[in-house]
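The values are calculated or read from the model by the stated rules, or taken from the named source; none is laboratory data. Not measured: the values here are computed from a predicted model. Here the Cβ positions follow ideal geometry from the backbone for every residue, glycine too, while neighbour counts run over all protein chains shown. Protein only, heavy atoms only, side chains kept; ligands, DNA and RNA dropped before computing areas. Shrake-Rupley method; radii C 1.70, N 1.55, O 1.52, S 1.80 Å.
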Amino acid sequence: MVVGFAGAILAGTTLLALPISWADGKQTNFYDALFTATSAVCVTGLTSVDTATQWSPFGLVVIMLLIQLGGLGIMVFATLIGLVLVRRLSVRSRLNAAAESHAVTADDARAALRAILLTSLAIEGVTFAFLFPRFALGYGYDVGKAAWHALFHSVSSFNNAGFALYSDNLIGFAADPFICLPICASIILGGLGFPVLMQLRKELRKPLRWNMNTRIVLWASVLLLVLGTVYITAIEWSNPATLGAHDPATRILIGFFHSVQTRTAGFNSVDIGQMYDETWVGMDVLMFIGGGPAGTAGGIKVTTFAVLFFILVTELRGDGAVNVFGKRLSRAVHRQAIAVVLMAIAAVMAATIALMLVTGLTFDRVFFEAVSAFGTVGLSTGITYDLPPAAEMILVVLMFLGRIGPLTLGSALALRERRILYEYPKERPAIG
């Protein structure tokens, strides 16, 4: 998987470095081509050049195809790895088209891949159906331009990429619910993850049959979306540079929109760089958590965060086992969640320190950029365009790690689990 994504990035870099990909009079250097290709394949959305003016129609098509490949690739590989884990761990799975299967066969793989592709195209198609008439009738675009804009933003939103065809991203549509809400819905569905989408498709009206993964993802997603909306809206309510310039209904729409974007999408309808520092801190947390596993979202995943939360609650209550929705959580999952989080924290902090040394910028902006890159979000405080090549390469590595790191690390830890026929005597160090 690592080699596959690296190959896709290399191919994308090569195509974007060709003159046919540049807009008239806009030459692109190797670093910007590599940064853009990595951001597209890793469905991040950070840009070191202006997407709307830097690239020709051919270059924009390349970016859209890289986004689609990156989003589908993550889902495909995550699902296949999930199938392998089902067999190795001997647990009942409802995460694929072959429900409750304990074996991995060619039929299982083909059914899973087909379901992923059809689900992705269906959601993108519905999003397109909402955006196309709005662009055509609401903004006077001709049929070709309206179709292109609707298609590009449908692909970018479902894959949680955050690339837009406007220099100010989606600021021009901040007060338009007919643009913002379909994009938000597509982002949320993509961020839930393929396993959740498949189970909801089959058992939407049978919540008692939902597995632990689906319940955790749905509950955590709703909770984080609500809390994020309240937090961002409350703090930015009177900020004249962001929400304060709009009427109350639009302020709520913008707050909700950016709560969704922190789930790793990366569109923005106001200037992120003008937000208060307190808002950035809250968005840092949401970006780091991310969305559901085996989907198009990044971050450590809501399931990982939820596992740590339930472990904390169990310790505070003094219980012996971690119980979630009437099921006992495997102790191996405890260790895997802790390992993923610690590795993620280490990567973000190391990158933040490196970026500060290279750029000389303040911690708050650099840390926001590092979390956004690792979480494959794409939100920026406005410093990305001015970063030196060394800083761009740090973010390239961080985007790559953030996209494939949690997935590969989590699956590797699960597959490395082995039965030990002996135990050492217990001893406890002092804690706290």
Quiz item: So which pairs qualify, if the first residue must be in the range 51-75 and modelled with pLDDT of 90 or more, the second must be open to solvent by 30 Å² or more (accessible area, probe 1.4 Å) and acidic (Asp, Glu), the Cβ gap must be under 9 Å, and the two must be at least 6 apart or on different chains?
Solution: Ala52/Asp168; Ser56/Asp24
Quiz item: Are there any pairs, at least 6 apart or on different chains, whose C-beta atoms fall under 7 Å, with the first in the range 213-229 and under 11 Å from Gly292 (Cβ atoms) and the second open to solvent by 10 Å² or more (accessible area, probe 1.4 Å) and polar (S, T, N, Q), and if so, which?
Solution: Asn213/Thr303; Ile216/Thr303; Val217/Thr303
Practice problem: Could you tell me whether Val377 is under 22 Å from Ala33 (Cβ atoms) and either among the charged types (D, E, K, R) or assigned to a loop (DSSP other than H, G, I, E, B) (or both)? | Solution: yes
Exercise. Identify all residues within the range 292-338 that are small (Gly, Ala, Ser) and either closer than 19 Å to Leu225 by Cβ or open to solvent by 30 Å² or more (accessible area, probe 1.4 Å) (or both); write none if there are none.
Key: Gly292, Gly295, Ala297, Gly298, Gly299, Ala306, Gly318, Gly320, Ala321, Gly326, Ser330
Quiz item: Can you tell me which residues in the range 152-183 are part of a loop (DSSP other than H, G, I, E, B), more than 23 Å from Ala249 (Cα to Cα) and of a type in the set (S, T, N, Q)?
Solution: Asn159, Asn160, Ser167
Quiz item: If you scan the range 325-355, which residues turn out to be of a type in the set (Ser, Thr, Tyr) and either part of a helix (DSSP H, G or I) or closer than 25 Å to Phe368 by Cβ (or both)?
Solution: Thr352
Exercise. Might you let me know whether the range 358-365 holds any residue that is under 13 Å from Leu46 (Cα atoms), modelled with pLDDT of 90 or more and either open to solvent by less than 10 Å² (accessible area, probe 1.4 Å) or in a helix (DSSP H, G or I) (or both)?
Key: no
Quiz prompt | Where a residue in the range 243-261 is without any contact (Cβ under 8 Å) to a residue 24 or more places away in the chain and its partner, wherever it lies, is crowded, with 23+ Cβ neighbours inside 10 Å, with Cβ under 7 Å and at least six apart | solution = Arg251/Leu243
Quiz item: From the set of residues in the range 1-14 that are open to solvent by 30 Å² or more (accessible area, probe 1.4 Å), of a type outside the set (Gly, Ala, Ser) and over 21 Å from the mean Cα position of the chain (by Cα), which is nearest to Leu69 (Cα to Cα)?
Solution: Leu10
Quiz item: Are any of the residues in the range 331-348 at pLDDT 95 or above, within 29 Å of Thr51 (Cβ to Cβ) and not small (Gly, Ala, Ser)?
Solution: yes
Quiz item: Phe374 versus (1) without any contact (Cβ under 8 Å) to a residue 40 or more places away in the chain; (2) of a type outside the set (A, V, I, L, M); (3) within 19 Å of Met349 (Cβ to Cβ): which is the lone unmet condition?
Solution: (1)
Practice problem: Considering only the range 38-50, state which residues are among the β-branched types (Val, Ile, Thr) and crowded, with 24+ Cβ neighbours inside 10 Å. | Solution: Thr38, Val41, Val43, Thr44, Thr47
Exercise. Name every residue in the range 15-37 that is farther than 18 Å from Gln68 by Cα, open to solvent by 40 Å² or more (accessible area, probe 1.4 Å) and part of a helix (DSSP H, G or I), in order of residue number.
Key: Pro19, Ile20, Phe30, Tyr31
Quiz item: If we scan the range 263-272, do we find a residue that is at pLDDT below 95, open to solvent by less than 60 Å² (accessible area, probe 1.4 Å) and of a type in the set (Lys, Arg)?
Solution: yes
Quiz item: How about the range 239-267: which of its residues are out of contact with any Leu (no Cβ under 6 Å at 6 or more places or on another chain), in a loop (DSSP other than H, G, I, E, B) and of a type outside the set (A, V, I, L, M, F, W, C)?
Solution: Asn239, Pro240, Thr242, His246, Asp247, Arg263, Thr264
Self-check item: Selection count, the range 190-238, where residues are part of a loop (DSSP other than H, G, I, E, B), of a type outside the set (D, E, K, R) and surrounded by fewer than 20 Cβ atoms within 10 Å (Cβ to Cβ)
Solution: 5
Quiz item: Looking at this structure, is Arg92 part of a helix (DSSP H, G or I), at pLDDT below 60 and over 21 Å from the mean Cα position of the chain (by Cα)?
Solution: no
Quiz item: Quick check: anything in the range 133-140 farther than 25 Å from Pro293 by Cβ, touching a Leu at 6+ places or on another chain (Cβ under 9 Å) and modelled with pLDDT of 95 or more?
Solution: no
